[in-house]
1. With A113, A103, A124 as the choices, which residue is aliphatic (A, V, I, L, M), under 16 Å from R20 (Cα atoms) and surrounded by fewer than 15 Cβ atoms within 10 Å (Cβ to Cβ)?
2. Spot the failing condition for T4; the list is (1) at pLDDT below 90; (2) under 15 Å from H129 (Cβ atoms); (3) not in a loop (DSSP other than H, G, I, E, B), and only one is missed.
3. So G89 ticks every box in (1) surrounded by 11 or more Cβ atoms within 10 Å (Cβ to Cβ); (2) modelled with pLDDT of 70 or more; (3) not in a helix (DSSP H, G or I) but one. Which box is left unticked?
4. When you check R10 against the structure, is it modelled with pLDDT of 95 or more and within 20 Å of G128 (Cα to Cα), yes or no?
5. Determine whether A17 is at pLDDT 95 or above, in contact with an Asp or Glu (Cβ under 8 Å, 6 or more places away or on another chain) and not aromatic (F, W, Y).
6. Hey, can you tell me all the residues within region 92-136 that are among the basic types (K, R), in a strand (DSSP E or B) and out of contact with any Asp or Glu (no Cβ under 7 Å at 6 or more places or on another chain)?
7. Kindly indicate the residue of region 23-74 that is in contact with a helix residue (DSSP H, G or I) (Cβ under 9 Å, 6 or more places away or on another chain) and acidic (D, E) and also modelled with the lowest pLDDT among those meeting that condition.
Amino acid sequence: MRTTIALPTRDRTRSHAFLRDGLGLETPGELVHDGVPEPLRATLSDSCEVMMIPTGGFKWVTGQLADEPMDAATLQQGPRQCLVTIELGSRGEVEARYAAATALGRGVIEPEAAPWGDYRAMVADPDGHLWQLTSQ
């Protein structure tokens, strides 16, 4: 079984850079006219991937969501309905990925020891989706 998490994006190029360069994820596929794989996917594990769908296409796929771009105020709002967690091998990896991701997105929680014991950090991608980076 393979799981795909679909998230809307306003800008495929920025999303691609965030996923590949910020989070260090593999983004398989053939490049198309904008230099980004189509569909834009990032491998989370052998059985899970995230797919970034342009907002207009997201509306088409779901048949119900608005395709209006998110403005700056929307991006500054509180928690999102979706949080993607990536477990890394060490605190150093969490810190390195956080630094790379915040250069392309926005820091939400700096690397810290979480109350439940994990070491974690949280970033928002260019569309405001939350990504938690953790290690034991």
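1. Testing whether each residue is aliphatic (A, V, I, L, M), under 16 Å from R20 (Cα atoms) and surrounded by fewer than 15 Cβ atoms within 10 Å (Cβ to Cβ) leaves just A103.
2. Here T4 clears every test but (1).
3. The number of the failed condition is (1).
4. no
5. no
6. Residue satisfying the conditions is R106 alone.
7. Looking at the filtered set, the residue picked out is D67.
Yes/no matrix, rows are residues, columns are (1) closer than 26 Å to A96 by Cα; (2) surrounded by fewer than 19 Cβ atoms within 10 Å (Cβ to Cβ); (3) in contact with a Phe, Trp or Tyr (Cβ under 9 Å, 6 or more places away or on another chain):
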{"site": "D11", "(1), (2), (3)": "yes, yes, no"}
{"site": "E26", "(1), (2), (3)": "yes, yes, no"}
{"site": "E30", "(1), (2), (3)": "no, yes, no"}
{"site": "H33", "(1), (2), (3)": "no, yes, no"}
{"site": "E38", "(1), (2), (3)": "no, yes, no"}
{"site": "T43", "(1), (2), (3)": "yes, yes, no"}
{"site": "E49", "(1), (2), (3)": "yes, no, no"}
{"site": "T55", "(1), (2), (3)": "no, yes, no"}
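The values are calculated or read from the model by the stated rules, or taken from the named source; none is laboratory data. Model, not experiment: these values are computed from the prediction. All Cβ positions, glycine included, derive from the backbone under ideal geometry; neighbour counts span all protein chains shown.
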